[in-house]
There are 2 protein chains.
Amino acid sequence: METKGPRSPAMTDVARLAGVSHQTVSRVLNDHPNVKEQTRLRVRAAIAELGYRPNRAARALVTGRSQLIGVVARNSMLYGPASMLAEFEQAAADTGFAVSVGSVRELDRDSISAVVDRHLDQRVAGLVVIAQVASATEALAEIPAEVPVVFIDGDPAAGRSLVTVDQVAGARAAVRHLLDQGHETVWHVSGPTEWFDSAGRISGWRQTLLEAGREVPPLLSADWSAAEGYRAGQMLARMPEVTAVFAANDHLALGVLRALHERGRRVPHDVSVIGFDDVPEAAFFIPPLTTVRQSFGDVARAALTLLLGQMKEESGAADTVIVPAQLVKRESVAPPA
Amino acid sequence: METKGPRSPAMTDVARLAGVSHQTVSRVLNDHPNVKEQTRLRVRAAIAELGYRPNRAARALVTGRSQLIGVVARNSMLYGPASMLAEFEQAAADTGFAVSVGSVRELDRDSISAVVDRHLDQRVAGLVVIAQVASATEALAEIPAEVPVVFIDGDPAAGRSLVTVDQVAGARAAVRHLLDQGHETVWHVSGPTEWFDSAGRISGWRQTLLEAGREVPPLLSADWSAAEGYRAGQMLARMPEVTAVFAANDHLALGVLRALHERGRRVPHDVSVIGFDDVPEAAFFIPPLTTVRQSFGDVARAALTLLLGQMKEESGAADTVIVPAQLVKRESVAPPA
DNA sequence: GCGGGCATTGTTATCGATAACATTCCCACA
DNA sequence: TGTGGGAATGTTATCGATAACAATGCCCGC
């Protein structure tokens, strides 16, 4: 049995202790001008003494806005999304926002709708959606227009603010690098074709080959896993004419490396391989993997900036920020034998 | 310029449309008995028609509890923590809870205190702390006793509810397996020694060797990265007497594999290697890695169950749940040459 | 020395829900 | 036929903050 515990102090308690009205306490809390320095100090002291913390629910109720940003992400341990989330949370915390995650097993319409609804229930001040596939875009059409939304890796044509890594340029740099080494052409193991990321990398790959007047080999498409990279690698290993492979992410590249190794094709002596992402382990693959680094931190910060911008002005301006990618050269690339 | 937008409907709007009082609407929403079936239906219809959604802030204000669970985790792309978070969010969503993440760059006292404060500001109904190091435990001592807390991978001696993978048993299985293959002893590349996970794996390793009457080689300790695994691997590769290595996670194992490969020591022919975690890529290392799988989903669900239990009864019972780990045999282990 | 204006502080209304208590309605039963 | 009582519903208070407005107090110029 218990006496309901001493409930945590409210603003009036602070006011009483400081000998002022609760409104003055509120003013101190919100850094209003026109509070005498001495009063401010008294109030601060009272706050500290009581260990008072403002009740966000009450504030949200009266102001109509929460200090919460909802993130919709795919429940996956893919390196990219996971990093993004962590980076975003850090950035948001620095500006006083909390982040509520809603993860979803698949990026289909219904799952996304459900998560978005949960977030709207919480009256999030804004939404960030890591929406790498087209089906996500559809589901998101139903987000009320007045809710600020920023997409990460989403559909460039969706008419919403978007932050994305420059997939095309990243892919171009990778392919360019291989051609510069003297390879006749470059094979590509792509991610799922419905992902925008994949699409960008594929198109950068294709463009670069065409511009160089090279033959474009058939596309090998996979999911993002090492398992499928391995599968694709088994095919590639069997074809002696393959001397250069651009894999759409580092895990695919890992699978490719192993398949090549199993069939005795040496990397980079017989075949050069480039990945994408620069996961921390990439430098320790056998051999160390040349890859394209994306700065998830930059993406996260850009997304937050756009979101805060939308929240401030009610302008629904749909800006697009493209974050550069950078080729990291390691030992998995060499001129053809 | 705008007319402040039609604010979203409140309970009174629903009540007016349904021709009842707002209290009746509240009762319908909360599944109270004593509402005539016909009334209930009218209210439901009105809710649907207006697209009404309850304001959580208002509810939280009056009931004094939020439907929010705070998670404190390390901002890292380490496989374990990231997976854990995703799994936990899923589980929580199924029971109607939202999850607010607070990530922290380092698990030191101050950072943790700051994140915990942010969560308490939000009046979370409970906290889950992924606190793999001792310094975290200290910081958490200051969490008010009435806030339900569950630790994941935390200090078994902290006197709070704890869910953890059976690190000791996992390590024992790994070492046992190597000894069974005929190896004379097993070297260990551990994670940071201040992590409880590391401590458990180290002690499982040591115990098993001692019980088998084997010599315990010096411990090589590292962080969790492939880079440090590589460093440790370079030392091991130089020592011909090393025939079996147990790495504290798969990334370390990756680094070890590469170092061995560089010095021409074949795996598993010359040296057997076992990792820990079973990251999805482990099956595609060169060679495929034998490792110990932890079920993060089970951990997450167990943590949620404990937390909900604490929230229901005010009992501060400090239960501990230990989730088993499982040896996954692949090709990186063989009898000594 | 008086009134205008600004800095400072206080008072009251409000957000949207639930809790506690009040009221109505209806039926069974003495 | 009056009445006790439970089911169904309504009324009012409340949570803890901010907003809008009201009320001081003080300085200063004329």
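Mind listing whichever residues of region B:211-230 are out of contact with any strand residue (DSSP E or B) (no Cβ under 9 Å at 6 or more places or on another chain), within 12 Å of chain A (Cβ to nearest Cβ) and assigned to a helix (DSSP H, G or I)?
B:Ala226, B:Ala227, B:Tyr230
Would you confirm whether any residue within region B:188-199 is among the small types (Gly, Ala, Ser), surrounded by fewer than 15 Cβ atoms within 10 Å (Cβ to Cβ), within 19 Å of B:Asp155 (Cα to Cα) and in contact (Cβ under 8 Å) with a residue 24 or more places away in the chain?
no
So which residues in region A:260-277 are under 20 Å from A:Ser203 (Cα atoms) and within 14 Å of chain B (Cβ to nearest Cβ)?
Selection gives A:Val273, A:Gly275, A:Asp277.
Which residues, taken from region A:31-60, are touching a residue at least 24 places away in the same chain (Cβ under 8 Å) and either assigned to a loop (DSSP other than H, G, I, E, B) or within 18 Å of A:Leu17 (Cα to Cα) (or both)?
A:Arg42, A:Val43, A:Ala45, A:Ala46, A:Ile47, A:Glu49, A:Leu50, A:Gly51, A:Tyr52, A:Arg53, A:Pro54, A:Asn55
Does B:Thr137 satisfy the condition of being hydroxyl-bearing (Ser, Thr, Tyr) and over 24 Å from B:Gly229 (Cβ atoms)?
Here the answer is yes, as B:Thr137 does meet what is asked.
Residues of region A:126-145 being more than 14 Å from chain B (Cβ to nearest Cβ) and of a type in the set (Val, Ile, Thr), which ones?
Of everything in region A:126-145, those that are more than 14 Å from chain B (Cβ to nearest Cβ) and of a type in the set (Val, Ile, Thr) turn out to be A:Val129, A:Val133, A:Thr137.
Could you list all residues from region A:26-38 that are open to solvent by less than 40 Å² (accessible area, probe 1.4 Å), more than 7 Å from DNA strand D (Cβ to nearest atom) and within 19 Å of A:Ala58 (Cβ to Cβ)?
Correct list: A:Val28 only.
Looking only at residues in region A:317-337 that are open to solvent by less than 70 Å² (accessible area, probe 1.4 Å) and closer than 30 Å to A:Gly64 by Cα, which one is nearest to the chain's Cα centre (by Cα)?
My answer is A:Val321.
Is it the case that A:Arg123 is within 15 Å of DNA strand D (Cβ to nearest atom), basic (Lys, Arg), in contact (Cβ under 8 Å) with a residue 60 or more places away in the chain and not assigned by TED's automatic domain parsing to the domain that holds A:Trp195?
When the stated conditions are applied, A:Arg123 passes them.
With the checklist (1) more than 20 Å from B:Gln67 (Cα to Cα); (2) more than 13 Å from every other protein chain (Cβ to nearest Cβ) in hand, flag the one item B:Pro148 doesn't pass.
Unmet for B:Pro148, out of (1) more than 20 Å from B:Gln67 (Cα to Cα); (2) more than 13 Å from every other protein chain (Cβ to nearest Cβ): (1).
Counting only residues that are under 31 Å from the mean Cα position of the chain (by Cα) and among the charged types (D, E, K, R), how many does region A:248-280 have?
Qualifying residue count, region A:248-280: 4.
When residues of region A:178-192 are filtered for being farther than 14 Å from A:Gln167 by Cα and part of a loop (DSSP other than H, G, I, E, B), how many remain?
7
Tell me, please, whether a residue that is within 18 Å of B:Arg301 (Cβ to Cβ) and away from every other protein chain (no Cβ under 12 Å) can be found in region B:78-89.
Within region B:78-89, not a single residue is within 18 Å of B:Arg301 (Cβ to Cβ) and away from every other protein chain (no Cβ under 12 Å).
Scanning for something touching a Phe, Trp or Tyr at 6+ places or on another chain (Cβ under 7 Å), of a type in the set (Val, Ile, Thr) and more than 8 Å from every other protein chain (Cβ to nearest Cβ), does region B:50-71 turn up at least one residue?
Within region B:50-71, one or more residues are touching a Phe, Trp or Tyr at 6+ places or on another chain (Cβ under 7 Å), of a type in the set (Val, Ile, Thr) and more than 8 Å from every other protein chain (Cβ to nearest Cβ).
Residue under question is A:Glu281, and the condition is that it be open to solvent by 30 Å² or more (accessible area, probe 1.4 Å), more than 23 Å from A:Ala169 (Cβ to Cβ) and within 11 Å of chain B (Cβ to nearest Cβ); does it hold?
no
Of the residues B:Leu257, B:Leu236, B:Leu252, only one is in a helix (DSSP H, G or I), within 12 Å of chain A (Cβ to nearest Cβ), open to solvent by less than 20 Å² (accessible area, probe 1.4 Å) and farther than 27 Å from B:Ala134 by Cβ; which?
Checking each option against the conditions leaves just B:Leu257.
Only residues that are in contact with a strand residue (DSSP E or B) (Cβ under 7 Å, 6 or more places away or on another chain) and away from DNA strand C (no atom under 13 Å from the Cβ): list them for region B:30-69, please.
Answer for region B:30-69, where residues must be in contact with a strand residue (DSSP E or B) (Cβ under 7 Å, 6 or more places away or on another chain) and away from DNA strand C (no atom under 13 Å from the Cβ): B:Leu68, B:Ile69.
Which condition number does A:Leu78 fail, the rest of (1) within 11 Å of DNA strand D (Cβ to nearest atom); (2) at pLDDT below 85; (3) buried (at least 17 other Cβ atoms within 10 Å of the Cβ) being met?
Unmet for A:Leu78, out of (1) within 11 Å of DNA strand D (Cβ to nearest atom); (2) at pLDDT below 85; (3) buried (at least 17 other Cβ atoms within 10 Å of the Cβ): (1).
Could you list, in sequence order, all residues of region A:16-25 that are near DNA strand C (Cβ under 7 Å from one of its atoms), buried (at least 16 other Cβ atoms within 10 Å of the Cβ) and assigned to a helix (DSSP H, G or I)?
The one that is near DNA strand C (Cβ under 7 Å from one of its atoms), buried (at least 16 other Cβ atoms within 10 Å of the Cβ) and assigned to a helix (DSSP H, G or I): A:Thr24.
The values are calculated or read from the model by the stated rules, or taken from the named source; none is laboratory data. Treat the numbers as computed from the prediction; the structure is a model and nothing was measured. We place every Cβ from the backbone using ideal geometry, glycine too, and count neighbours over all the protein chains shown. Heads up: the accessible areas ignore ligands, DNA and RNA and are worked out on the full protein's heavy atoms, side chains in. Shrake-Rupley method; radii C 1.70, N 1.55, O 1.52, S 1.80 Å.
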